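The values are calculated or read from the model by the stated rules, or taken from the named source; none is laboratory data. The structure displayed is predicted, hence computed values, not measured ones. Ideal geometry is used to build each Cβ from the backbone, glycine not excepted, and the neighbour counts take in all protein chains shown.
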């Protein structure tokens with residue numbers, strides 16, 4: 001079970017509010033709130049030739065087809081919750097989308113009466129999606145008092161990588177059929193990865209020589225995982241590679257991850273604080289559209305949380321800054337910049353998935369922010385950052401470690 005241990009001095013309703021507040025710093029928002037701004041925003045970008053129309057805009061999703069696609073699927077807690085949030089995005093016409101969408105969503109599980117909180121990033125193919133999800137999740141855990149945790153991560157690669165891995169597993173299990181527990185032998189034909197997962201749960205002797213997914217990754221899949229790890233290292237997020245973290249290839253592609261509490265004693269039970277992965281296949285199988293998606297799910301005790309508190313459409317103070325990043329080195333350090341601003345209670349707009357300078361500056365103009373914070377490759381290497389006044393066009397280059405103090409001086 002995914003169980004997040006809440007700090008003893010925090011009520012579940014307060015934890016939920018903190019989670020939504022922290023998520024907003026990293027660009028995640030309530031589904032309904034995003035929907036109210038999405039059309040106006042997209043129209044502006046098209047009118048100014050910042051964004052071209054996509055074929056996705058003409059895609060219509062059939063509700064009956066969704067029902068047919070999901071009624072026979074055996075889904076885990078993670079699958080159910082991600083599907084719930086994605087379904088809401090579809091209902092609000094946010095999917096399929098021409099632009100990336102960052103969603104936070106919460107609901108109460110009718111089966112176990114637990115509060116679920118999930119983060120989903122759709123429309124982002126590259127590794128910044130996983131990095132953004134994991135950084136936001138880590139910040140939420142830190143805010144609610146859970147600081148001793150670690151990201152466990154693995155990759156089953158793209159479709160071809162996963163198929164090759166599955167074939168090797170099939171051969172291995174058939175060669176060792178007599179050593180397989182009788183009750184799971186029938187699963188070899190049905191779902192080879194479920195055999196893998198059950199053997200791992202039992203710490204079975206066959207694990208010792210079992211093929212591992214890392215050995216079958218394509219160059220692109222290996223590069224994708226390497227970039228995520230680089231983001232984690234740059235952001236100071238503890239991580240470990242877990243070769244036995246495997247999902248269902250019909251739902252997942254590329255990366256899977258869990259955030260676990262660090263145990264004081266090796267004999268203690270493993271406490272999974274949050275669980276997620278890249279779920280492009282869930283979107284494809286359930287909605288018949290090719291939209292990349294990454295998600296993570298928390299599970300909390302719901303005691304005292306009222307239904308009206310689940311997805312509050314909360315008005316927040318409009319940020320005065322838009323953070324612009326350009327180049328891989330700057331993107332690597334972007335999460336640190338946002339985290340620094342968050343800890344100083346300075347909200348800033350950003351589009352970390354956007355690689356184009358002109359597009360980011362156009363969005364800043366649309367949002368009518370008085371200042372932009374800019375980091376390019378040179379600034380990332382030099383440890384500096386640019387703060388630009390959008391009205392006067394005056395800009396100043398300062399050391400990154402002086403950013404917060406500089407901002408506080410200019411906005412007083």
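Here is the figure for segment 19-38: residues that are at pLDDT 90 or above and part of a helix (DSSP H, G or I) total 7.
Taking segment 388-407 as the region of interest, how many residues are in a loop (DSSP other than H, G, I, E, B) and surrounded by 11 or more Cβ atoms within 10 Å (Cβ to Cβ)? Full working, then the answer.
The first filter runs over segment 388-407 and keeps only residues in a loop (DSSP other than H, G, I, E, B), leaving 390-394.
With surrounded by 11 or more Cβ atoms within 10 Å (Cβ to Cβ) added as a condition, the list becomes 390.
Of the residues in that region, 1 qualify.
Just to verify a result, which residue in segment 224-242, among those that are in contact with a helix residue (DSSP H, G or I) (Cβ under 6 Å, 6 or more places away or on another chain) and over 15 Å from residue 149 (Cα atoms), is surrounded by the fewest Cβ atoms within 10 Å (Cβ to Cβ)? Among those residues, the one meeting the criterion is 234. Every condition in (1) touching a residue at least 60 places away in the same chain (Cβ under 8 Å); (2) within 11 Å of residue 321 (Cβ to Cβ); (3) surrounded by fewer than 17 Cβ atoms within 10 Å (Cβ to Cβ) holds for residue 410 except the one numbered (1). Based on what the data block shows, is residue 385 in a strand (DSSP E or B), more than 28 Å from the chain's Cα centre (by Cα) and closer than 19 Å to residue 343 by Cβ? No. Within segment 189-211, the residues that satisfy the criterion of being touching a residue at least 40 places away in the same chain (Cβ under 8 Å) and assigned to a loop (DSSP other than H, G, I, E, B) are 191, 210, 211.
Criterion first (in a loop (DSSP other than H, G, I, E, B), farther than 30 Å from residue 114 by Cβ and touching a strand residue (DSSP E or B) at 6+ places or on another chain (Cβ under 9 Å)) does residue 337 satisfy it? Even if it seems obvious, please write down each step before you answer.
Numbers: in a loop (DSSP other than H, G, I, E, B): no; farther than 30 Å from residue 114 by Cβ: yes; touching a strand residue (DSSP E or B) at 6+ places or on another chain (Cβ under 9 Å): yes.
It is false that residue 337 is in a loop (DSSP other than H, G, I, E, B), farther than 30 Å from residue 114 by Cβ and touching a strand residue (DSSP E or B) at 6+ places or on another chain (Cβ under 9 Å).
The residues listed here are 106, 127, 155; of these, the one that is within 17 Å of the chain's Cα centre (by Cα) and under 21 Å from residue 270 (Cβ atoms) is 155. Only a single criterion out of (1) under 22 Å from residue 278 (Cα atoms); (2) in contact with a strand residue (DSSP E or B) (Cβ under 8 Å, 6 or more places away or on another chain); (3) modelled with pLDDT of 70 or more is not satisfied by residue 114, namely (1).
Looking only at segment 128-137, decide whether some residue is in the same structural domain as residue 246 (by TED's automatic domain parsing), out of contact with any strand residue (DSSP E or B) (no Cβ under 9 Å at 6 or more places or on another chain) and either outside any helix (DSSP H, G or I) or surrounded by fewer than 18 Cβ atoms within 10 Å (Cβ to Cβ) (or both). No, the conditions are met nowhere in segment 128-137.
Inspect all residues belonging to segment 143-154 and state whether any of them is in a helix (DSSP H, G or I) and more than 21 Å from residue 284 (Cα to Cα). I'd like the intermediate steps shown before the answer.
Our first condition is that a residue be in a helix (DSSP H, G or I); within segment 143-154, this holds for 143.
Next cut, more than 21 Å from residue 284 (Cα to Cα) only: 143.
Yes.
Residue 331 fulfils the conditions (1) within 21 Å of residue 34 (Cα to Cα); (2) crowded, with 19+ Cβ neighbours inside 10 Å; (3) in contact with a strand residue (DSSP E or B) (Cβ under 8 Å, 6 or more places away or on another chain); (4) touching a residue at least 60 places away in the same chain (Cβ under 8 Å) except for a single criterion, (1).
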